[in-house]
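K.L.:
Below: one structure in structure tokens.
Every number in this text was worked out from the coordinates using simple rules, so none of it is lab data. Since the structure is predicted, the reported quantities are computational estimates derived from the model, not experimental observations. A quick note on method: Cβ atoms are made from the backbone with ideal geometry, for glycine too, and the neighbour counts reach across all protein chains shown.
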Amino acid sequence: MLARAAALIRAEGENLTRLLVRENGKLWSEASVEVAKTADFLDYYAGFARQATGVTLADARPDTLTSVRHEPLGVVLLITPWNDPLLTPARKLAPALTCGNAVLLKPAPDTPLTALALADVLSRAGLPGAVLTVITGHTEEIGESLLEAPELAALSFTGSTAVGRHLRATLARRNVRVQTEMGGKNAAVVFPSVDLGDVVPVLLQAGFAQAGQRCTATSRVIVSDDQAEELLDRLRSGIEAFVPGPGLEAGSTLGPLISPAHRERVHRFVAGATDEGGRLVTGGDMVTGRPLDRGCFYAPTLVDQVAPDHVMWRDEVFGPVVAVHRVAATSRQDFLDRSLALANDSPYGLTASAFTADLAEAMHFADGVETGQVSVNLPTSGWDVHHPFGGFGDSGSAFKEQGSEALQFYSRVKTVAVRHGRLAGNAR
């Protein structure tokens with residue numbers, strides 16, 4: 001069924017991409033990648049359905065065969081966000097269904113149509129109707145009823161840290177398994193050994209793709225004081241070359257934010273950063289002029305001299321905004337130590353990247369950074385379907401998504417011992 005659904009998604013990719021762009025606002029190029037990756041998720045987990053679901057173990061007791069079985073949990077609730085409204089449900093649905101669970105899918109109220117389209121594809125591919133139920137509506141109105149359902153065995157949530165904490169606290173009194181993938185404040189460290197010409201295109205993609213509305217987006221950049229001005233000049237040139245516009249227009253290179261309220265939230269962060277002493281390099285306001293002033297467009301923004309105690313450095317903005325902090329290091333080792341400390345000085349621990357031409361620096365950074373994903377000379381985003389994904393700290397729970405690791409959350413382990421010889425004391 002999952003394989004047939006993947007084939008349907010590929011065959012109907014253009015229609016799904018158009019729906020995703022119209023509902024979410026991201027660029028056509030971004031939405032088409034999401035559609036393709038959604039099919040990849042279904043195909044990947046379809047393969048696991050043919051794999052072993054347990055093992056046989058030796059048993060010291062005579063005439064006894066012991067096995068370990070992986071069973072479904074039962075009914076699982078999936079709460080998914082608006083920023084990847086097709087990919088994130090598929091990332092959760094595919095392993096949940098492969099493990100044999102029934103699923104309640106609660107998409108974000110901003111993007112319900114995309115989730116319903118995915119459910120329609122699964123139904124046409126042969127998924128029985130009772131196995132998947134999509135529930136649309138505002139979480140504050142229906143969330144408590146879903147969480148209090150006695151049939152609920154597990155919850156997988158992707159969204160804000162505040163909501164994730166609330167869900168964990170609500171379910172802590174019950175024996176309900178909880179998986180959370182929450183916020184990020186992802187740092188990129190630019191080491192003095194690297195060529196800035198190689199770094200800038202990667203930072204632009206990592207910070208501003210999907211208008212920065214990704215939990216894995218680069219939002220903090222740490223650079224040596226000696227390289228800061230050159231990096232800022234190169235970044236400003238790249239940022240000012242973005243063309244804000246509707247996702248269905250071929251010339252657009254930066255899409256809108258999800259809603260007017262979210263655009264106002266992003267702007268408050270930028271205004272607060274300058275009030276705290278940050279220096280606005282470029283951007284910093286809504287996009288004006290018709291017809292874009294009728295949408296939710298925000299100018300891509302770069303802020304320099306953002307201190308580690310500033311709100312913009314510590315809280316997730318979730319928009320096209322990158323903060324820069326300069327390090328006046330006395331040596332390469334000093335820069336390495338101080339940049340690691342700055343990257344780790346965050347309640348979040350989702351992903352981080354380092355740009356360096358020195359292998360020793362790269363390995364030291366990978367060993368020392370406190371994030372669930374680490375990239376070297378790559379963006380903080382862009383993880384593939386078979387890569388285990390999930391953060392530390394306030395970025396998420398211990399259960400990983402993606403890869404074979406995801407199956408552990410959606411199944412339980414039962415150990416069964418069967419004695420096939422005569423019972424003890426039986427004379428026959």
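K.L.:
Quick one: among 71, 14, 148, which has the greatest mean-square fluctuation in a GNM of the chain with alpha-carbon springs under 10 angstrom?
P.N.:
Result: 148 has the largest fluctuation of those listed.
K.L.:
Whole angstrom only: what separates the Cα centroid of the stretch 315-354 from the Cα centroid of the stretch 92-148?
P.N.:
That distance is 37 Å.
K.L.:
Next question. When the dipole is taken about the Cα centre of the chain, and only Lys, Arg (+1) and Asp, Glu (-1) are charged at their Cβ, what size is it in debye, to the nearest 20?
P.N.:
For the chain, the charge dipole is close to 2060 debye.
K.L.:
Equivalent ellipsoid semi-axes for the chain, as square roots of 5 times the alpha carbon gyration tensor eigenvalues: give them largest first, rounded to whole Å.
P.N.:
The equivalent ellipsoid of the chain has semi-axes of 42, 27, 19 Å.
K.L.:
With only Lys, Arg, Asp and Glu charged, each at its Cβ (+1 for the first two, -1 for the last two), find how big the charge dipole of the stretch 372-428 is about the Cα centre; round to the nearest 20 debye.
P.N.:
Once rounded to the nearest 20, the dipole reads 820 debye.
K.L.:
From Cα pairs below 8 angstrom and at least 6 apart in sequence, can you work out the relative contact order of the stretch 203-292, rounded to a whole percent?
P.N.:
For the stretch 203-292, the relative contact order is 23 percent.
K.L.:
Counting each DSSP H run of 4 or more residues in the chain as -39500 (n - 2.57), what helix-only mean residue ellipticity at 222 nm follows after dividing by all residues, to the nearest 500 deg cm²/dmol? Mind dumping the intermediate values first?
P.N.:
Working: 14 runs with 165 residues, N = 428.
That comes out to -12000 deg cm²/dmol.
K.L.:
As a test, work out the antiparallel percent of DSSP beta bridges whose residues both lie in the chain, rounded to the nearest 5.
P.N.:
Within the chain, antiparallel bridges account for around 35 percent of the total.
K.L.:
While we're looking at this one, here's another question. May I ask for the equivalent-ellipsoid semi-axes of the stretch 151-285, computed as the square root of five times each C-alpha gyration tensor eigenvalue and listed largest first in whole Å?
P.N.:
Gyration-tensor ellipsoid for the stretch 151-285: 34, 19, 16 Å.
K.L.:
Moving to a separate point now. For a quick check, take a GNM of the chain with Cα springs below 10 Å and name the residue from 170, 80, 17 with the largest mean-square fluctuation.
P.N.:
In this elastic network of the chain, the residue with the biggest mean-square fluctuation among 170, 80, 17 is 170.
K.L.:
Sorted from largest to smallest, which semi-axis lengths in Å does the alpha carbon gyration tensor of the stretch 186-376 give for its equivalent ellipsoid, taking the root of 5 times each eigenvalue?
P.N.:
29, 16, 15
K.L.:
Could you work out the Kirkwood radius for the stretch 86-125, taking every pair of different alpha carbons, averaging 1/r and inverting it, reported in Å?
P.N.:
About 10.6 Å, per the Kirkwood formula over Cα pairs.
K.L.:
Taking the chain as a Gaussian network, Cα atoms linked when under 10 Å apart, which of 121, 322, 131 shows the biggest mean-square fluctuation?
P.N.:
With Cα springs under 10 Å in the chain, the top fluctuation among 121, 322, 131 is at 131.
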